[in-house]
Amino acid sequence: MNEIPHHIAIVMDGNGRWATRRFLPRVAGHKSGLDTLRACVRRCGEIGVRVLTVFAFSSENWNRPAEEISGLMELLAMALGREVPQLMAEGVRIHFVGDRSALSGKMRVGLAHAEAATAGNSRLIFNVCFNYGGRWDMAQAAARLARAGEPITEQTIDRALALAHVPDPDLLIRTGGEKRLSNFLLWQAAYAELHFSDKLWPEFDAAALDEAIKDYGQRERRFGKTSAQVALSAGKKVA
Ligand code: FPP
């Protein structure tokens, strides 16, 4: 097996198109996307990925048709009720990342329950970004630091961001053929390797995940250094 990224982040794009091509309502695509997500969590645990972060609902998704928004909210509520036993069986700790103030009280209680129930698990950390945006995250971090009278440095911002509990993503995957970040992990993806798949999210199976990891394994991660420096620190002979 290839080198396994410690942290994989995914923009799960293409649910709507998947549904429309089948003459189904867009929400049917999100339902199918939830099945794909379940399989992806399982696969990540199996192969030794330690952190998985997914973009389930962006700050901008409120602009979608009301029917789709309520469908996504219902899907989340349904998932909260049903998925915890599988997360427990697979040693997955779930975190919800994003602005909860816009969510209903019932939903907020559901998120907190799922987090508390899985808090003892450590095989895989699973971050579900819901009502999340990279700009929201940077703004809330800056506001938090300002309130505490703390200096603004890379380190203090890093610690105030909503994903402070995990290292930055190594591999960021976007499905659905588009090649953009769409306000996802703007700070944390600074050195992530990007992999774009033409597959629509409901079609993104284990083989597609393995393919993304293989692609990642072929990249040289330089973090600003030269290729020769990287080879030297890896103990390789430089030509
Ligand atoms: C983007 O595809 C996908 C979303 C906005 C929602 C992602 C949600 C899931 C995969 C289901 C998991 C849900 C929860 C609640 C945990 P799109 O709708 O933009 O697709 P399109 O580009 O084809 O229109």
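Taken over the chain, lysine pairs spaced eight or more positions apart, or on distinct chains, with alpha carbons under 24 Å apart number 11.
Accessible area of MET107 (1.4 Å probe, protein heavy atoms only, ligands and nucleic acids ignored): about 20 Å². Taking θ as phi - 60° and the Karplus parameters 6.51, -1.76 and 1.60, the scalar couplings of the stretch 193-210 work out to 7, 9, 10, 10, 10, 6, 5, 6, 3, x, 9, 7, 9, 4, 5, 5, 5, 4 Hz in sequence order, x denoting glycine and proline. State whether the chain is rounded, prolate or oblate according to the following rule on the C-alpha gyration tensor (a ≥ b ≥ c being the square roots of its eigenvalues): a/c under 1.5 gives rounded; otherwise a/b larger than b/c gives prolate, and the remaining case gives oblate. In terms of gyration-tensor shape, oblate.
Sequence-ordered 3J(HN,Hα) estimates for the stretch 85-96 from the Karplus curve with 6.51, -1.76 and 1.60 and θ = phi - 60° stand at x, 5, 4, 5, 4, 9, x, 9, 9, 9, 10, 9 Hz, glycine and proline given as x.
Percent of Cα pairs in the stretch 84-133 per distance bin of 10 Å, from zero to the largest separation: 27, 51, 21, 0. For MET88 and GLU211, the FRET efficiency from 1/(1 + (r/R0)^6), where r spans their Cβ atoms and R0 equals 35 Å, is about 0.75.
Can you tell me how the stretch 101-201 classifies by the Cα gyration tensor, rounded, prolate or oblate, using a/c under 1.5 as the rounded cut? It comes out oblate by the Cα gyration axes. Once the gyration tensor of the Cα atoms in the stretch 148-202 is diagonalised, the equivalent ellipsoid follows with semi-axes of 29, 10, 9 Å, ordered largest first. Residue order by solvent-accessible surface for MET88, MET78 is MET88, MET78, largest first, with ligands and nucleic acids left out and a 1.4 Å probe. Solvent exposure of LYS225, expressed as accessible area, is near 110 Å², computed with a probe of 1.4 Å over the protein chains only.
Per residue of the chain, the DSSP helices (runs of n ≥ 4 H) give a summed -39500 (n - 2.57) that works out to -13500 deg cm²/dmol at 222 nm. Legend: calculated FRET efficiency, ARG42 to LYS179, from the Cβ-Cβ distance at R0 = 25 Å, rounded to 0.05, equals 0.35. Of the residues LEU194, LEU163, ranked by 1.4 Å probe accessible area with the largest first, the sequence reads LEU194, LEU163. Taking the Cα centre of each part, how many Å lie between the stretch 16-58 and the stretch 152-182? When both Cα centres are located, 19 Å separates them. Taking a ≥ b ≥ c as the square roots of the eigenvalues of the alpha-carbon gyration tensor, the stretch 171-239 is classed oblate because a/c is 1.5 or more while a/b is no larger than b/c.
Computed with a 1.4 Å probe over protein heavy atoms only, the accessible area of TRP187 comes to about 70 Å².
Remark: accessible surface ordering of SER197, SER104 (largest first) is SER104, SER197, probe radius 1.4 Å. For GLY14, the residues 5 or more places off, or on other chains, whose built amide H falls under 5 Å of its own are TRP201. Sequentially through the stretch 22-37, phi angles give Karplus couplings (6.51, -1.76, 1.60; θ = phi - 60°) of 9, 6, 10, x, 4, 4, 4, x, 5, 4, 5, x, 5, 4, 4, 4 Hz, Gly and Pro residues having no value and appearing as x.
The values are calculated or read from the model by the stated rules, or taken from the named source; none is laboratory data. Quick caveat: nothing in here was measured; it's all calculated off a predicted structure. With ideal geometry, Cβ positions are generated from the backbone for all residues, glycine too; neighbour counts draw on all protein chains shown. Only protein heavy atoms, including side chains, enter the accessible area calculation; ligands, DNA and RNA are left aside. Shrake-Rupley method; radii C 1.70, N 1.55, O 1.52, S 1.80 Å.
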